[in-house]
Amino acid sequence: MDTTIIVAIVAVAAILIGIFLGKQLFAKNTQQLIKDAEEQAAKTIENAKTIAETLKEKKLLEAKEHFLQLKTEQEKEANQRVQKIAESENKIKQQQQSLNDKTAAFQKNVNEVEQQKEHLNKQLEAVNIKRAELEKHQEEHVKRLEKVANLSAEEAKSELMEAVKEEARTNAMSYVKEIMEEAKLNASKEAKKIVIQTIQRTAAEQTIENAITVFNLESDEIKGQIIGREGRNIRALEAATGVDLIIDDTPEAIILSCFDPLRREIARLSLQRLVQDGRIHPARIEEVVEKTKKQLEEQVMEIGERTIIELGVHGLHKDLVRMIGKMRFRSSYGQNLLMHSKETANLCGIMAAELGLGQKIVKLAKRAGLLHDIGKVPDEETELSHALLGAKLAEKCGEHAAIVNAIGAHHDEMEMTYIISPIIQACDAISGARPGARREMMQSYLQRIKDLESLAMAYNGVEKAYAIQAGRELRVIVEADKVSDAASDTLSFEIADKIQKEMQYPGQIKVTVIRELRAVNIAR
């Protein structure tokens, strides 16, 4: 029991001694840590002070440098201003010196003028004295002459003037007569010379327009495809274009016959596309013909633009450009209308230049020569003559009044009020009068064909009318919803009767009225 207590006491004592020793050791470690922390803090403060001093010095240096830089810039600006002021002062001094020199020179000139004025006044006084003496001597001389001739000065002067007038009048009449005769002779020679030079300087190709076009084929086998089953393809093509297709024994060729070159061109291009494509049937034919018409309209504009560029005519209205392009597919008495207009334009320009009318008049004459026949290609048929219609179209498109007058007066249907009007008339006659340029029979034939189609188009319900077979047949296509089958027979009879009563033509004309009803729906 005693041993246990002793052990316990020893244990407690050991514990207490351990606690005391632990506290002493902890206190010692704590003091060491505090001391280390204080030393570290002191070092940190010392470093911070060092860094602060360094930054302070750096900022001071930067401030000094910035101050020096600003000071340098200010001094530079001040020097520049001082220099500019010095330059301005020098300029002012130079101007002042120049002004002083000019003032001195002006004063010197004024003095010289005063001296000259005094000298002139003296000379003027001397002249007046001499004039008075001369007048006195002249009066004495006249009195002596009157005394010798027994005539007063006024009477002698009148007789002398009458004699001089009579002699001058006789000489003038003789001179005027000689001048007029010489002028007439020279004018005739000069006019012929100008016309001949104008014609010689304009070389134009002359080709008579025909009423047929030959379409060449690669082989005769294609003819069967063009004709189609029971002729339906050729009928569809003729109905869509208004051109008569002649397929005969001519090897590898089809003849397109129509009085209208524009229709023939549409038929030729359409047939060319169909042959290349190989699909030839009525629906395809109508589609190709429509596309060709649109393409030809673009080609017409292109031809017009190319023509005005070639002739150097600028600023034309688009409608006039399109009409110029359409001239390519029209003819006048067998002469191609575009070739005729281009030739007339060149002739007008050369003739105006030969007459010495100036560059502006030359350009107006050339422009008027190109446009003088635009009345032959109107969009709508009217009762006006082509000259008056052309003048109206030109005026509507904003052309110069001289050009409007030249177009309307080139067939004497308007009074010529501008100098270029007779030039246009003369050059139009020159172009048409060239050997082989025109053929009268062709023009009368084409006019008869046009009248034939216009007669049929005048009836209600008629959609298209085509004269084919050289005018021996008239095909009239009517609208199915406006004209019945029974009315078609009546219309055919009425047209034939009207042709017989109103028109003159050789042989006979067959009138065919075509009525076709189509029902079209689209599956979507």
Margin query: Can you report the number of residues in segment 392-413 which are over 14 Å from residue 428 (Cβ atoms) and either assigned to a loop (DSSP other than H, G, I, E, B) or open to solvent by 60 Å² or more (accessible area, probe 1.4 Å) (or both)?
Written below: 7
Next item on the list: Report the residue count in segment 303-316 for those that are in contact with a helix residue (DSSP H, G or I) (Cβ under 7 Å, 6 or more places away or on another chain) and part of a helix (DSSP H, G or I).
Entry: 6
Next item on the list: Starting from residues that are of a type outside the set (A, V, I, L, M) and assigned to a strand (DSSP E or B), keep the ones in segment 455-484 and report whichever is surrounded by the most Cβ atoms within 10 Å (Cβ to Cβ).
Entry: 466
Next item on the list: Name every residue in segment 485-508 that is surrounded by 14 or more Cβ atoms within 10 Å (Cβ to Cβ) and either free of Cβ contacts under 8 Å to residues at least 24 places away in the same chain or among the basic types (Lys, Arg) (or both), in order of residue number.
Entry: 492, 496, 498
Check: Is it fair to say residue 262 is open to solvent by less than 30 Å² (accessible area, probe 1.4 Å) and among the aliphatic types (A, V, I, L, M)?
Finding: no
Notebook entry, point to check: Scanning for something open to solvent by 30 Å² or more (accessible area, probe 1.4 Å), within 21 Å of residue 420 (Cβ to Cβ) and out of contact with any Pro (no Cβ under 6 Å at 6 or more places or on another chain), does segment 341-350 turn up at least one residue?
Noted result: yes
Checklist line | Test: residue 299 is open to solvent by 50 Å² or more (accessible area, probe 1.4 Å) and touching a Gly at 6+ places or on another chain (Cβ under 8 Å) | finding: yes
Next item on the list: Within segment 351-362, work out how many residues are surrounded by fewer than 22 Cβ atoms within 10 Å (Cβ to Cβ) and in contact (Cβ under 8 Å) with a residue 24 or more places away in the chain.
Entry: 4
Next item on the list: Within segment 434-453, identify whether any single residue is modelled with pLDDT of 85 or more, open to solvent by 70 Å² or more (accessible area, probe 1.4 Å) and not charged (D, E, K, R), and answer yes or no.
Entry: no
Note to self: Just the residues that are touching a helix residue (DSSP H, G or I) at 6+ places or on another chain (Cβ under 6 Å) and under 20 Å from residue 331 (Cα atoms), please, taken from segment 231-262.
What the structure shows: 241, 242, 243, 244, 256, 258, 259, 261, 262
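The values are calculated or read from the model by the stated rules, or taken from the named source; none is laboratory data. Fair warning: this is a prediction, and the values are worked out from it, not measured in the lab. We place every Cβ from the backbone using ideal geometry, glycine too, and count neighbours over all the protein chains shown. Remember, those area values only see protein heavy atoms, side chains included, never the ligands or the DNA or RNA. Shrake-Rupley method; radii C 1.70, N 1.55, O 1.52, S 1.80 Å.
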